[in-house]
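First comes the structure, then the notes that go with it.
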Amino acid sequence: MTGEMSVETGPKGQGPRIGYYARLSAAQLEMSALAAMQYRVGFWTEGVLGMVWSALGIAPLFVAVEHLGSVKGWGRWELVVLTGCFTLLSGLFGALLQPSLLESMNHIRRGTLDYLLLRPADALALCLTCSFRPWRLIEALGGVALIVAGLAMLGRVPGPEDILAAGATGVAGFVALYAFGVMVLCASFKAMQLQSLTYLMEALLDFGRWPAQVFPVALRVVFTFVVPLLVMTSYPAEALLGRLPWATIGQLAAVSAGLMLVARGLWRRSIRGYTSASS
């Protein structure tokens, strides 16, 4: 049995449907939350510790501001907004994407991916929503709190256009993050012991703690158009601060869409060569 049995359409052959997969993801998240809440102390401890650990990333930025006055034009509270965007992204990655990647990689390694491929739904969507860690959403909420606190200390209330720009940039960043997750998942079809790559992704995200202007031009291009880490953190923060032009947002959206198309193509190619344990 090979990956040719993959079902690339939604239920009843009607093609992928966003509403259906949203309900599927919500049901899976609810089940994960109910399971996690059986150990409530652990649930809240893990969530709060994750939030505190991410928030501590402000410390080196504050030290830099103390000695330099600003970090490439970013003041103390602007950096808090940036750290909030990073913490929000880190929490969402740890809650929604990383556990699904690890679970799907385990299925590939054991040859039991059939469990997902035989369901009447898009196989890739199922792989990306098969496991969640809901306590990491506490960390994401901490990120939102940091963003609100930073903006409040700056005395800035983002207008509708700023919020729309930040939302569009954040969605583009999250799409790019999922695209890289799919690429990592595809790599596991060739080398079975690649679970550590998901932790490498998390380590790479740490670069998002710093403003885009800190990096040399060459690295800034790489982190924007090749490995778009800055799309996920620095640019949403700039949008909230009202200094990101819409032309740049359009470019970022195009990059993210292109990455997802490439990732989808790699998935289709990889799944065709999959051999199950029952073959």
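Being more than 30 Å from M31 (Cβ to Cβ) and not in a helix (DSSP H, G or I) is a condition met by no residue of the range 77-99. Taking L56, is it at pLDDT 85 or above, under 30 Å from G242 (Cα atoms), out of contact with any strand residue (DSSP E or B) (no Cβ under 9 Å at 6 or more places or on another chain) and aliphatic (A, V, I, L, M)? Criteria not met by L56.
So C127 fits all but one of (1) within 17 Å of L205 (Cα to Cα); (2) modelled with pLDDT of 85 or more; what number is the exception? Here C127 meets the rest and fails (1).
Here the condition is being over 19 Å from T233 (Cα atoms) and not small (G, A, S); of Q38, Q98, it holds for Q38 alone.
Determine whether F225 is within 18 Å of T83 (Cβ to Cβ), aromatic (F, W, Y) and either out of contact with any helix residue (DSSP H, G or I) (no Cβ under 7 Å at 6 or more places or on another chain) or in a helix (DSSP H, G or I) (or both). So F225 fails the test. When we screen V144, V222 for residues that are surrounded by fewer than 19 Cβ atoms within 10 Å (Cβ to Cβ) and closer than 16 Å to G94 by Cα, the only hit is V144.
For the range 106-124, the tally of residues that are modelled with pLDDT under 85, of a type in the set (A, V, I, L, M) and assigned to a helix (DSSP H, G or I) stands at 4.
Of all residues in the range 202-219, those satisfying the criterion of being surrounded by fewer than 20 Cβ atoms within 10 Å (Cβ to Cβ) and part of a helix (DSSP H, G or I) are E202, A203, L204, L205, D206, F207, Q213, V214, V217, A218, L219. Inclusion of E238 among residues that are under 23 Å from R76 (Cα atoms) and either touching a Phe, Trp or Tyr at 6+ places or on another chain (Cβ under 9 Å) or part of a helix (DSSP H, G or I) (or both) is warranted. Against the condition over 20 Å from A27 (Cα atoms), in contact with a Pro (Cβ under 6 Å, 6 or more places away or on another chain) and either of a type outside the set (G, A, S) or surrounded by 19 or more Cβ atoms within 10 Å (Cβ to Cβ) (or both), how does T112 come out, does it pass? Considered against the rule, which asks whether it is over 20 Å from A27 (Cα atoms), in contact with a Pro (Cβ under 6 Å, 6 or more places away or on another chain) and either of a type outside the set (G, A, S) or surrounded by 19 or more Cβ atoms within 10 Å (Cβ to Cβ) (or both), T112 comes out as no.
Given the criteria on the phi > 0 side of the Ramachandran plot, of a type outside the set (K, R) and surrounded by fewer than 20 Cβ atoms within 10 Å (Cβ to Cβ), does G155 qualify? Considered against the rule, which asks whether it is on the phi > 0 side of the Ramachandran plot, of a type outside the set (K, R) and surrounded by fewer than 20 Cβ atoms within 10 Å (Cβ to Cβ), G155 comes out as yes.
The values are calculated or read from the model by the stated rules, or taken from the named source; none is laboratory data. All of these numbers come straight from a predicted model, not from anything done at the bench. Heads up, the Cβs are rebuilt from the backbone with ideal geometry, glycines too, and the neighbour counts pull from every protein chain shown.
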